[in-house]
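Below is one structure, written out as structure tokens; comments come after it.
Quick note: the coordinates plus some simple rules give every number you see, no bench work behind them. If you're wondering where the values come from, they're calculated on a predicted model, not measured in any experiment. Neighbour counts are summed over all protein chains in view; Cβ atoms, including those assigned to glycine, are modelled from backbone coordinates with ideal geometry.
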Amino acid sequence: MSRQRKRRRPVSEINVVPYIDVMLVLLVIFMITAPLLTQGVKVDLPNADAEALPPDAEEPLVITVNAAGEFFIDTGEDAEQPVSPARLQQRVGAIRAQKPRTPVMVKGDRDAGYGRVVEAMVLLQQVGVADVGLITDPPEG
């Protein structure tokens with residue numbers, strides 16, 4: 001008497017559990033690192049209906065004036081440390097000497113004194129920056 005063997009068919013299903021694990025780990029990593037990617041000092045920008053920079057424009061050098069009237073430069077290891085007016089001029093002059101085409105933008109807090117924002121613009125003009133842009137938020141609604 002011969003026994004007939006029952007032939008097993010290969011299972012052709014993909015086990016997706018490892019993929020789900022990897023996806024969840026990546027999600028957690030991105031959730032943790034996303035807030036760390038924002039650069040510069042937090043300021044409350046005024047709203048204005050202005051045109052955005054063209055996408056092919058060079059990365060601008062951003063000078064920030066916070067509500068307390070302190071100056072910040074968005075480059076270097078001390079981007080979150082206030083700089084003196086003399087240090088601001090020195091650093092901007094050095095950057096513009098290396099890359100003369102670098103656009104310079106001023107990001108002034110809504111509550112910063114108008115005089116401090118103008119002072120930043122004058123300091124920039126004194127080191128040869130002829131055209132200075134102002135950064136704003138788009139209007140709501």
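Provide the net charge surrounding Gly128, with neighbours chosen by a C-beta distance below 15 Å and charges set as Lys +1, Arg +1, Asp -1, Glu -1.
Result for the local shell: +3.
Taking other C-beta atoms within 10 angstrom as a stand-in for reagent exposure, Val22, Val106, Val132 fall in the order Val22, Val132, Val106, fewest first. Our coupling estimate for the stretch 77-94, obtained by passing each phi through the Karplus curve with A = 6.51, B = -1.76, C = 1.60 and θ = phi - 60°, is 6, 10, 5, 9, 9, x, 10, 6, x, 5, 5, 4, 5, 4, 5, 5, x, 5 Hz, Gly and Pro reported as x.
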